[in-house]
Amino acid sequence: NEEPEAATRTWYFGSFPSTSLCAGALQICALHRRGTQCHPGCAMLLRARALPRIGLFDERYFMYVEDVDLTLRAWIAGYRVLDVPAAIVYHRMTGSDSASQQRMFWGYRNQLTTLLKLYQPGTLAAFASPISRRWFLTRNRYALRGALAALAMLPGTLARRRQVQRGRQAPDSRFLELCGL
């Protein structure tokens, strides 16, 4: 039996560090449910009746940010995303792949794809400058490769975007309030 590194360890996942559009956290500390922005896919329970509305994981992602995409779609469809801080989950990080370059590529690609697919035009416009700096006006070759790959996926992303936006029940502001934005 492995022990957690600390009883109050906070895990950040699916974050967009330079844009702060999502910095979801799961904190193991108290016995109550609370709203959260996103939830890690390694420990997620979903209501079966929600799946026809929000769909499953986006199979194009392969790995990384698929949990953020799914939980944001739940918010957009009007569902709450909760965590149970008393729950303890053991998850060996980076178990899915060992190549950090590939991990960075998938992360950058999937982050941008998620933003383009899910956020309302006003939100994208408000964050245009940090989005541009993070993915396009950078010397980071993994960010650039990820951005080009996200643009190559744009036709499929726009088709999914239309589907998500048709079912929208909540504005981005509802989710962004939890992010402190």
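The values are calculated or read from the model by the stated rules, or taken from the named source; none is laboratory data. Only a predicted model underlies this, so the values are computations on that prediction, with no experimental measurement involved. As a convention, Cβ positions derive from the backbone with ideal geometry for all residues, glycine included, and neighbour counts pool all protein chains shown.
Of the listed requirements (1) within 25 Å of MET63 (Cβ to Cβ); (2) in contact (Cβ under 8 Å) with a residue 24 or more places away in the chain; (3) surrounded by fewer than 16 Cβ atoms within 10 Å (Cβ to Cβ), ILE131 misses just one: (3).
State which residue is farthest from TRP135 (Cα to Cα) when the search covers only region 86-105 and only residues that are of a type in the set (S, T, N, Q) and modelled with pLDDT of 65 or more. Once the filter is applied, the top-ranked residue is SER100.
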